[in-house]
Amino acid sequence: MTTPMHISEERSSTGLRAPRESWISKQRSRWLPVATVIVILLVWEILGRTIGWNPLFFSYPSQIWSGFLSLAAGPLWNDLAVSGTEFVLGMLISIALAIPVGFLLGTRRNAYFALDPIISALYATPVLVLAPLLVIWFGLGIQSKIAIVVILSTFSIMINLTEGVRATDVGLLRAARSFGAGRWRVYRDVIFPSVIPYFVTGLRLAVGRAMIGVVVGEYIASTVGIGFQIEADAQVFATPRYLAGVAVIVVLAVIVTELLKLLERKLAPWRRLDGQD
Amino acid sequence: MTMETALTAAPARATTPATLISVENVTFWYGSTLILDDVSCSIAEGEFVSVIGASGCGKSTLLQLLDGALRPGNGRVVIEGHDASKRDDSRAVVYQDFALMPWKTVAENVRLGLDYRRGDLRMKQREEIAHHYLDRIGLGRAAGMYPYQLSGGMKQRVGLARAFAVQPSILLMDEPFSALDAQNAEILREEVRGLVAEERRCVVFVTHNLDEALQLSDRILLMRSTPGRLAEDISLVEQKSDPVAWERIHYAEYRARLWEFLKGEVAAHSELKERS
């Protein structure tokens, strides 16, 4: 990337340079969150060891770590493989459904007027109440969890895509057409790029909902998966293992969210450079 | 094809310049609101014509009709013998808000029209043309930057380079300097004057700024508002042929005449707004 023209290392007439920002100050967006987490874990650990709450109902980081090691030596990787498959397939189906419908609603006013109230209502409804029905329809296997992920996450992506298409700058559309862009090039050069941030926002929301879908689906009816494992450990008051399962989900959620941020930076570098992310 | 042959100035003005733009009894409604009412005018090759009027008089609508982005309700707009709605390579627009693609670099933005219109040129040739105009407007070093890294003045330079790069016979400019600070606007006016003179393009220039119109134009179209009608068609060619007399005498006279007209229009417009 070319260095912006206005950024240069200039000296004043007396030979002074602009004051330099320290490394600690410059990198605070990186180290501050890490420091916060470390402090919380330390306080939690100290409280856990000193207060002596009932280990059936409470645990603290070192015990949870032991729980994690026990999980990792046992069913964790198989559970993660099953839950991961449910998550990935569900998300892929959601994206495949949301993209065409989202673009249709964004570009066709009649379709938008006809379908928007239904989609908004479905998005706002806690569709998890349908989970037992989906288990009856699709069985105890991964199909029912995939179905739950799809109905939970599709609308986030769809609604964001629709809004993105509708929010495309009319001035840019007019300029592209005026300079001779045909329908495909208008999509390629104007609509698709302006929709990217909305699409990634939809994905981020969808990821959270999809994870809830996987865990709750496995909670309700399953014989394998991270949600099932959490439920099984909770039933027998194996609190450290139970919380270790929750921690695994938290860590995975953070990793997926960070990957999505990375994807947005890759797909929309002008936003990153603009400091909008 | 070399870049030299790809870069062509508009043909030199003949003794009787050909009519490039013909607006014939154009009426335009936006919904049920009448925006333009029976507007007729013609603009010849190489002319620099400014359109002036109060806000809401339909100046920008007229420009969009000339660009073919809008179609008249009645009447017709003919560009180089064809209906204006037929997309061709004759026109390029410079927008008030720049309309640069934020996701494209400066060079890619300048190349935009060439990519769409000049598929016959190889990418390297299109890039060379884009760089020629970027250098011409002093932004050669900014080719790899994104629009957000530029100041308003630089953005509008990119907008100008993009329009000139497609070498249109007609340049449509919609208040191109109104979003800029006074110094940048002045500098860009000079640039435009130079580029237009060098390339001999026909320009239709919508503006609120009387001095801008008087400095740059061969003709000024004055528009009355609500609905938009053509009130006066003022030619400055004869007066400008004597630069000393133009600066010492006529400039102030014309400025006063234009201001008198606009003042009345703005007052009438405000009164109408208050009543409604």
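Residues considered: B:Glu238, B:Glu232, B:Glu186. Of these, the only one that is outside any helix (DSSP H, G or I) and either open to solvent by 10 Å² or more (accessible area, probe 1.4 Å) or basic (Lys, Arg) (or both) is B:Glu232. In summary, A:Leu263 fulfils each of the numbered conditions (1) under 30 Å from A:Ser70 (Cα atoms); (2) within 16 Å of the chain's Cα centre (by Cα) with the single exception of condition (1). Among the candidates A:Gly141, A:Gly213, the residue that is small (Gly, Ala, Ser) and more than 16 Å from the chain's Cα centre (by Cα) is uniquely A:Gly141. Being open to solvent by less than 30 Å² (accessible area, probe 1.4 Å), within 10 Å of chain A (Cβ to nearest Cβ), within 19 Å of A:Ala176 (Cβ to Cβ) and of a type in the set (D, E, K, R), is that true of even one residue in region B:95-111? Among the residues of region B:95-111, not one is open to solvent by less than 30 Å² (accessible area, probe 1.4 Å), within 10 Å of chain A (Cβ to nearest Cβ), within 19 Å of A:Ala176 (Cβ to Cβ) and of a type in the set (D, E, K, R), which makes the answer no. If you check A:Ser94, A:Ser83 for being small (Gly, Ala, Ser), assigned to a helix (DSSP H, G or I), modelled with pLDDT of 95 or more and within 21 Å of the chain's Cα centre (by Cα), only one passes: A:Ser94. Residue count for region A:47-84, restricted to those that are surrounded by 12 or more Cβ atoms within 10 Å (Cβ to Cβ) and β-branched (Val, Ile, Thr): 2.
Consider region A:166-184 and keep the residues that are free of Cβ contacts under 8 Å to residues at least 24 places away in the same chain and of a type in the set (Lys, Arg). The one that is farthest from the other protein chains (Cβ to nearest Cβ) is A:Arg183.
Comparison of A:Ala96, A:Ala111 shows that the only residue that is open to solvent by 50 Å² or more (accessible area, probe 1.4 Å) and free of Cβ contacts under 8 Å to residues at least 40 places away in the same chain is A:Ala96.
Here A:Phe199 fits the description: open to solvent by 10 Å² or more (accessible area, probe 1.4 Å), within 30 Å of B:Asp115 (Cβ to Cβ) and aromatic (Phe, Trp, Tyr). Every listed requirement among (1) in contact (Cβ under 8 Å) with a residue 60 or more places away in the chain; (2) aromatic (Phe, Trp, Tyr); (3) surrounded by 16 or more Cβ atoms within 10 Å (Cβ to Cβ) is met by A:Phe192 save one, (1). Scanning region A:174-189 for residues that are part of a helix (DSSP H, G or I), crowded, with 17+ Cβ neighbours inside 10 Å, at pLDDT 90 or above and in contact with a strand residue (DSSP E or B) (Cβ under 6 Å, 6 or more places away or on another chain) turns up at least one hit. Just to be sure before I move on: is A:Ile226 touching a helix residue (DSSP H, G or I) at 6+ places or on another chain (Cβ under 7 Å), within 14 Å of chain B (Cβ to nearest Cβ) and not small (Gly, Ala, Ser) in the structure I sent? For A:Ile226, the condition - touching a helix residue (DSSP H, G or I) at 6+ places or on another chain (Cβ under 7 Å), within 14 Å of chain B (Cβ to nearest Cβ) and not small (Gly, Ala, Ser) - is not met. Only one of B:Ser50, B:Ser60 is within 14 Å of chain A (Cβ to nearest Cβ) and either open to solvent by less than 50 Å² (accessible area, probe 1.4 Å) or more than 19 Å from the chain's Cα centre (by Cα) (or both); which? After applying the criteria, what remains is B:Ser60. Among the residues making up region B:189-211, those that are at pLDDT below 90, open to solvent by less than 50 Å² (accessible area, probe 1.4 Å) and in a helix (DSSP H, G or I) are B:Arg189, B:Glu191, B:Val192, B:Gly194, B:Leu195, B:Val196, B:Glu199. The set of residues from region B:80-94 being at the interface with chain A (Cβ under 10 Å from one of its Cβ atoms) and surrounded by fewer than 23 Cβ atoms within 10 Å (Cβ to Cβ) comprises B:Arg87, B:Asp88, B:Asp89. May I ask you to verify whether B:Ile43 is part of a strand (DSSP E or B), open to solvent by less than 30 Å² (accessible area, probe 1.4 Å) and under 11 Å from B:Val206 (Cα atoms)? Against the criterion (part of a strand (DSSP E or B), open to solvent by less than 30 Å² (accessible area, probe 1.4 Å) and under 11 Å from B:Val206 (Cα atoms)), B:Ile43 does not qualify.
A count restricted to region B:122-157 and to residues that are touching a residue at least 60 places away in the same chain (Cβ under 8 Å) and either in contact with a Lys or Arg (Cβ under 6 Å, 6 or more places away or on another chain) or buried (at least 22 other Cβ atoms within 10 Å of the Cβ) (or both) stands at 2. Taken over region B:125-180, residues that are among the β-branched types (Val, Ile, Thr), in a loop (DSSP other than H, G, I, E, B) and under 17 Å from B:Thr105 (Cβ atoms) amount to 1. Here are B:Asp115, B:Asp67: which of them is open to solvent by less than 40 Å² (accessible area, probe 1.4 Å) and without any contact (Cβ under 8 Å) to a residue 24 or more places away in the chain? Answer to the check: B:Asp115.
The values are calculated or read from the model by the stated rules, or taken from the named source; none is laboratory data. Only a predicted model underlies this, so the values are computations on that prediction, with no experimental measurement involved. Because the Cβ atoms are built from the backbone with ideal geometry, glycine has one as well, and the counts that use them run over all protein chains shown. SASA here: full protein model, heavy atoms, side chains in, ligands and nucleic acids out. Shrake-Rupley method; radii C 1.70, N 1.55, O 1.52, S 1.80 Å.
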